Amino acid sequence: MQNRRKHSKYPIIYAKIVQKPQQVVSTIPSLFSSSGLADTAEGSYDVLVCGGTLGIFIATALSARGLRVAVVERNVLKGREQEWNISRKELLELAEVGILEEDDIERVTSVKFNPNRCGFERKGDIWVEDILNLGVSPVKLIEIVKERFISLGGEIFEGCSVSGINVYEDVAVLKLSGDKILTSRLIVDAMGNFSPVVKQIRCGRKPDGVCLVVGTCARGFNNNSTSDVIYSSSSVKKVGNSKAQYFWEAFPSGSGPLDRTTYMFTYVQPQPESPKLEELLEDFWDLMPQYQGVSLENLEILRVIYGIFPTYRDSPLPAAFNRVLQFGDASGVQSPVSFGGFGSLTRHLRRLSAGIHEAITGDYLDSYNLSLLNPYMPNLSASWLFQRAMSAKQQSNVPSDFINELLYANFNCMQRLGDPVLRPFLQDVVQFWPLSKTLGLVMLTNPQILPSIFKQVGVPVLFDWSRHFLMLAYFTFLSTFADPVVRPFLNKVPPKMSFQWKRHLEAWKYGSGLDYKL
């Protein structure tokens, strides 16, 4: 293998925080059909989905429900080479909404691996089965879904960038590069974390947290049958002018029996002195050989991977405009401790496709009703404590190995409590009773770490988390006891009220994690 320092040739891109982002969406209080531009539109749809990589999934689900849908993608709509790892249970959810056949799951699965490890430096390892144990080829998956979408009558506009959205009283007008104009009753923004529409809504506000990720897909691993869901091989360490707690994720790649993908990631608060991706990548080359038990000279680097994943505490993101709805990573519906939205997409796809179809059918496309599709979810907000607990404090009076000690204590207690507690958490689903049992057992068995928890996360964060924890209990109560009382009346009330109450019931269910079934 070439000298590792030469790998700094890979470009690292940083986005400066823009105080006044471009105004992509404009509201025009008139009818488009009465304007002089009505004849210039080149197509009219029920739904336009901007962003194809994840957007093709919601577009296909909506097409399967009989809506006229088009996808706009600034590049060629195809999956990346780097695999997504996921559980079979989550892939089956794609089949349940009608965008995959069960046979397709085998076609898109490049590799399977078991068991899967959660481990922390010199504390101990916890092994589980069938958690994020499939490597899915995005190339094959998106190609199959794309074919399905087209067969259902969907249209795809490739090589088209979004230049603006004008929201009229009767339609939303999507302006594309090259002066192309399309109209739609609803525009779904699936353009990811850095969507220009999201930047406008958030007014350039910096994220509350950031996950930084570097890694490789490399060839030359002889022991390549298991995966690491999360592994920490060291305590908090100095990185440039900052500190960071590094975590690892690793799993076999479907490109060959000796190929393995290895990620190193860390959670930070976005500050000028925060670690840079270059610094993480240099540490990666230093630390990865010992972690994986290999020599860099014996590896062939196939790909170098890096990414920045911002997270916001006020997520999911409510609709800020009529006729415009955020989806996937753009909506912030993914957990703040995970750095990818594919798993959360599969979990919420049935709920969102049914809700969007009902909103289109009933013409409930104002910002209030669309916001009901991205509601407050206390289990998602409660996850913020975990990210803060896993982030190294720059000025800290807790031991450098405290994060590893805390995580191992939690994982060990979850393992003792069994699959109903451990498995949902590993798949980014927080539930009240499993969380309560875990916290109770940790306090009983490891009372000595409680003072350090207060020092690590801070009293204001714990106070804010307590509010979401109480709401998690409240949503659990509502979904368990109020839902069965309310649901029989949904067919007896006006359609608009029925639509809104269905969304409330879904918020209770998904916001409490009770949608998850073993």
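The values are calculated or read from the model by the stated rules, or taken from the named source; none is laboratory data. Keep in mind it's a predicted model, so treat the numbers as computed, not measured. Methodologically, a virtual Cβ is constructed for each residue, glycine included, from the backbone with ideal geometry; neighbour enumeration extends over all protein chains shown. In case anyone asks, the SASA skips ligands and DNA or RNA and just uses the protein heavy atoms, side chains included. Shrake-Rupley method; radii C 1.70, N 1.55, O 1.52, S 1.80 Å.
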Query raised in the report: Do the conditions hold for Glu96, that is, is it open to solvent by 70 Å² or more (accessible area, probe 1.4 Å) and under 15 Å from Phe57 (Cα atoms)?
Result: yes
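Across the stretch 211-253, what is the total count of residues that are open to solvent by 30 Å² or more (accessible area, probe 1.4 Å), part of a loop (DSSP other than H, G, I, E, B) and in contact with a strand residue (DSSP E or B) (Cβ under 8 Å, 6 or more places away or on another chain)?
Qualifying residue count, the stretch 211-253: 4.
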Query raised in the report: Hey, Ser338 hits all of (1) touching a helix residue (DSSP H, G or I) at 6+ places or on another chain (Cβ under 7 Å); (2) part of a loop (DSSP other than H, G, I, E, B); (3) surrounded by fewer than 20 Cβ atoms within 10 Å (Cβ to Cβ) but one; which does it fall short on?
Result: (1)
Requested in this report: Sort through Gly204, Gly153, Gly178, Gly192 and tell me the only one that's modelled with pLDDT of 95 or more, on the phi > 0 side of the Ramachandran plot, open to solvent by 10 Å² or more (accessible area, probe 1.4 Å) and not aromatic (Phe, Trp, Tyr).
Outcome: Gly153
Query raised in the report: Tell me, which helices (runs of 4 or more DSSP H) wholly within the stretch 359-466 include 3 or more residues that are over 30 Å from Ile201 (Cα atoms) and open to solvent by 40 Å² or more (accessible area, probe 1.4 Å)?
Result: 402-417, 419-426, 432-445, 450-457
**Report entry** Unique residue being of a type in the set (Ser, Thr, Tyr), in the same structural domain as Asn410 (by the TED database) and over 29 Å from Ser400 (Cβ atoms) when the list is Ser436, Ser452
**Finding:** Ser436
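Among the residues in the stretch 114-126, are any under 19 Å from Pro257 (Cα atoms), modelled with pLDDT of 90 or more and of a type in the set (Lys, Arg)?
no
From the list Leu62, Leu94, Leu67, pick out the single residue that is hydrophobic (A, V, I, L, M, F, W, C), not in a strand (DSSP E or B) and not assigned by the TED database to the domain that holds Asn166. Give the steps one after another, and end with the answer.
On the way: Leu62 fails: not assigned by the TED database to the domain that holds Asn166; Leu67 fails: not assigned by the TED database to the domain that holds Asn166.
Exactly one residue qualifies, and that residue is Leu94.
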Report task. Considering only the stretch 309-322, state which residues are open to solvent by less than 20 Å² (accessible area, probe 1.4 Å) and touching a strand residue (DSSP E or B) at 6+ places or on another chain (Cβ under 7 Å). Result -> Pro310, Thr311, Leu317, Ala319
Query raised in the report: Can you tell which of Leu302, Leu352 is in the same structural domain as Gly215 (by the TED database) and either over 13 Å from Leu372 (Cα atoms) or crowded, with 22+ Cβ neighbours inside 10 Å (or both)?
Result: Leu302
Query raised in the report: Among the listed residues Glu155, Glu129, Glu143, which satisfies the condition of being under 15 Å from Val71 (Cα atoms), under 24 Å from the mean Cα position of the chain (by Cα) and not β-branched (Val, Ile, Thr)?
Result: Glu143
**Report entry** Pairs where the first residue, in the stretch 43-56, is over 18 Å from Tyr364 (Cα atoms) and the second is of a type in the set (Val, Ile, Thr) and open to solvent by 30 Å² or more (accessible area, probe 1.4 Å), C-beta under 6 Å, 6+ apart
**Finding:** Cys50/Val162
